[in-house]
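Notes follow the structure.
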Amino acid sequence: MLNIPKIVENFPKLRQSNEIHADAPGGTQVPESVINAISHYLIHQNANLGAAFRTSKESDQTLLNAGITVQALLNARSNSEIIFGNNMTSLTFHISRSIGNTLQAGDRILLSKLDHEANISPWQLMARDKKCEVDFVEIDAETCTFNKADLERKLSKKPKLFAFTACSNATGTLNDIPKLTKLGHDAGAIVYVDAVHYTPHKLIDVIQWDCDFLACSAYKFFGPHVGILYGKESLLNNLQPYKVRPAADSNPGKWMTGTQNHEGIAGTTAAIDYLASLSGANNSTSKRTQLEQAFNKIEEHEKTLSACFLEGIRKLDGIEIVGLKDLENINQRVATFALTSKKVPANIMAKELALTGIFAYSGNFYAKTLMETLGYEGKGGVLRIGFVHYNDLNQVEVILDELKRILSSE
Ligand SMILES: Cc1ncc(COP(=O)(O)O)c(C=O)c1O
């Protein structure tokens, strides 16, 4: 079991006030070790790469360590498969041009209506440039899960690329990633997984999933604003990067445009080390094993929070969860909840919560296609309450009580 009061002590932002963070899907808080790693890099290293002097050599080492640490987080085969960048969106735009160059006019690509626009717009624009056809997997509105018949139909058109989310950042719905990857591969597609929302909740395994690309962002898993892209080595070897001439010709350097956010990358290593430390195992245990143990605890704790929230919402009048609502589906979701009320608009609920020190977003969260599909776009979207491992049951109860008050006062 996770010791939440002890965990909160690690987070300067969380320990300094009684504010309740239900805003993790927009970005998580960072532990002190991450802040220290960033300032350590800036105070003691802070150089560009590839020179003979100490700070440059240490900067080389900082990037190398980060690649190895992210390799453990994703279970990649090699640290040369780990590419850093600004954020998931810019990395996806970046690689989309190289993937686009392997496509012909008339080729099809398959996207999903459950996705954040960062895994839609880059591919739509690439398709426009390459004169490719775009299909979307439809979702079942009641559950916000992929419509299986539609998925089958769209895959039968033999897309060359299948891009989908591991987990919805709006509704918390999980996808069956190995299954979807296999279906995509059987259809002949390159499979691109958006794991931005998945990463703080569950442990990624690119070997087991067999996806070709996977993108995530450290600021969603207790680190700084750094984007991460995994690519299978064979694909990274064969695709042509858009790069400046003097930049590296080998992986992963040829995919990293310009000077990286070295301090952020140092902080990313610290964020993964922080997650590994939740295992309680000593450092003779491999990082991957520590992460496996840590995520077992994280999942167990978050399920407790989810169960309490699902039960509590069911008892409230005038509000409902968008997507999977039942306890029996708890394994098909993470602790991220989209809420809608006929009584109170989502933005008013978010404002009222903010007045009591509860931080939660309302809107579309860039899951614009999903909100259009569900009919919430243009109507203020939904309220999103998101929990991660540093939230506790008491906070869930406080949020439920506040929602009850807001709904009964309207
Ligand atoms: C599911 C999902 N995908 C992609 C993104 C975009 O990530 P980034 O901000 O790193 O570009 C987000 C950000 O909220 C997200 O939640």
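Say we look at the stretch 14-25 and pick out the residues that are part of a helix (DSSP H, G or I) and crowded, with 16+ Cβ neighbours inside 10 Å; which of these is farthest from the ligand (Cβ to nearest atom)?
Leu14
Would you point out which residue out of Asn75, Asn79, Asn86 is within 14 Å of the ligand (Cβ to nearest atom), open to solvent by 10 Å² or more (accessible area, probe 1.4 Å) and assigned by TED's automatic domain parsing to the domain that holds Gln240? So that I can check it myself, show each step before the final result.
Numbers: Asn75 fails: within 14 Å of the ligand (Cβ to nearest atom); Asn79 fails: within 14 Å of the ligand (Cβ to nearest atom).
Within the list Asn75, Asn79, Asn86, the selection yields Asn86.
Answer with yes or no whether Leu235 is in contact with a Phe, Trp or Tyr (Cβ under 6 Å, 6 or more places away or on another chain), open to solvent by 10 Å² or more (accessible area, probe 1.4 Å) and either within 12 Å of the ligand (Cβ to nearest atom) or not assigned by TED's automatic domain parsing to the domain that holds His21 (or both).
Numbers: in contact with a Phe, Trp or Tyr (Cβ under 6 Å, 6 or more places away or on another chain): no; open to solvent by 10 Å² or more (accessible area, probe 1.4 Å): yes; either within 12 Å of the ligand (Cβ to nearest atom) or not assigned by TED's automatic domain parsing to the domain that holds His21 (or both): yes.
When the stated conditions are applied, Leu235 does not pass them.
Identify the single condition in (1) within 16 Å of the ligand (Cβ to nearest atom); (2) not in a loop (DSSP other than H, G, I, E, B) that Tyr366 does not satisfy, given that it satisfies every other one.
(2)
Of all residues in the stretch 158-192, count the ones that are away from the ligand (no atom under 16 Å from the Cβ), open to solvent by 10 Å² or more (accessible area, probe 1.4 Å), touching a Gly at 6+ places or on another chain (Cβ under 9 Å) and not aliphatic (A, V, I, L, M).
So the count comes out to 2.
Conditions (1) open to solvent by less than 20 Å² (accessible area, probe 1.4 Å); (2) within 16 Å of the ligand (Cβ to nearest atom); (3) modelled with pLDDT of 95 or more, marked per residue:
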| position | (1), (2), (3) |
| --- | --- |
| Ser156 | no, no, yes |
| Val196 | no, yes, yes |
| Pro200 | yes, yes, yes |
| Leu214 | yes, yes, yes |
| Lys220 | no, yes, yes |
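Does any residue of the stretch 110-118 turn out to be within 15 Å of the ligand (Cβ to nearest atom) and assigned to a helix (DSSP H, G or I)? Reasoning before the result, please.
At the first step, the residues of the stretch 110-118 found to be within 15 Å of the ligand (Cβ to nearest atom) are 111-118.
Pick out the ones that are also assigned to a helix (DSSP H, G or I) and you get 117-118.
Within the stretch 110-118, one or more residues are within 15 Å of the ligand (Cβ to nearest atom) and assigned to a helix (DSSP H, G or I).
Any idea which residue in the stretch 89-109 is nearest to the ligand (Cβ to nearest atom), counting only those that are under 22 Å from Pro224 (Cα atoms) and open to solvent by 10 Å² or more (accessible area, probe 1.4 Å)?
Looking at the filtered set, the residue picked out is Thr89.
Of the residues Val30, Val70, which is touching a residue at least 40 places away in the same chain (Cβ under 8 Å), within 18 Å of Glu263 (Cβ to Cβ), assigned to a helix (DSSP H, G or I) and within 16 Å of the ligand (Cβ to nearest atom)?
Details: Val30 fails: assigned to a helix (DSSP H, G or I).
Testing whether each residue is touching a residue at least 40 places away in the same chain (Cβ under 8 Å), within 18 Å of Glu263 (Cβ to Cβ), assigned to a helix (DSSP H, G or I) and within 16 Å of the ligand (Cβ to nearest atom) leaves just Val70.
Need the failing condition index for Asn3 against (1) touching a helix residue (DSSP H, G or I) at 6+ places or on another chain (Cβ under 9 Å); (2) under 19 Å from Tyr274 (Cβ atoms), just the number.
It fails just one condition, (1).
I'd like the full set of residues that are in contact (Cβ under 8 Å) with a residue 60 or more places away in the chain, in a helix (DSSP H, G or I) and touching a helix residue (DSSP H, G or I) at 6+ places or on another chain (Cβ under 7 Å), limited to the stretch 277-293.
Passing the criteria: Lys287, Arg288, Leu291.
Is the stretch 355-363 home to any residue that is within 16 Å of the ligand (Cβ to nearest atom), in contact (Cβ under 8 Å) with a residue 40 or more places away in the chain and open to solvent by less than 50 Å² (accessible area, probe 1.4 Å)?
yes
Looking only at the stretch 47-67, how many residues end up being under 16 Å from Ala270 (Cβ atoms) and in contact (Cβ under 8 Å) with a residue 60 or more places away in the chain?
Here the count works out to 6.
Run Met1 past the list (1) open to solvent by 20 Å² or more (accessible area, probe 1.4 Å); (2) away from the ligand (no atom under 16 Å from the Cβ); (3) within 28 Å of Ala354 (Cα to Cα) and report the number of the one that doesn't hold.
(3)
Every residue in the stretch 26-55 that is open to solvent by 80 Å² or more (accessible area, probe 1.4 Å) and at positive phi, please.
Within the stretch 26-55, Asn46 is the sole residue that qualifies.
Ile207 is checked against (1) open to solvent by 10 Å² or more (accessible area, probe 1.4 Å); (2) part of a helix (DSSP H, G or I); (3) more than 16 Å from the ligand (Cβ to nearest atom); (4) farther than 30 Å from His389 by Cβ and fails just one. What number does that condition carry?
(4)
Going through the stretch 294-323 one residue at a time, which ones are of a type in the set (Gly, Ala, Ser), part of a helix (DSSP H, G or I) and surrounded by fewer than 17 Cβ atoms within 10 Å (Cβ to Cβ)?
In the first step, residues of the stretch 294-323 are kept if they are of a type in the set (Gly, Ala, Ser); the result is 294, 306-307, 312, 318, 323.
With part of a helix (DSSP H, G or I) added as a condition, the list becomes 294, 306-307, 312.
If the condition is that a residue be of a type in the set (Gly, Ala, Ser), part of a helix (DSSP H, G or I) and surrounded by fewer than 17 Cβ atoms within 10 Å (Cβ to Cβ), then Ala307, Gly312 are the ones that fit.
For Tyr230, are the conditions met, namely being within 16 Å of the ligand (Cβ to nearest atom), of a type in the set (Ser, Thr, Tyr) and either in contact with a Leu (Cβ under 9 Å, 6 or more places away or on another chain) or farther than 21 Å from Asn364 by Cα (or both)?
yes
The values are calculated or read from the model by the stated rules, or taken from the named source; none is laboratory data. Because the structure is predicted, anything quoted here is derived from the model rather than measured. As a convention, Cβ positions derive from the backbone with ideal geometry for all residues, glycine included, and neighbour counts pool all protein chains shown. Keep in mind that these areas ignore ligands, DNA and RNA; they rest on the heavy atoms of the full protein, side chains included. Shrake-Rupley method; radii C 1.70, N 1.55, O 1.52, S 1.80 Å.
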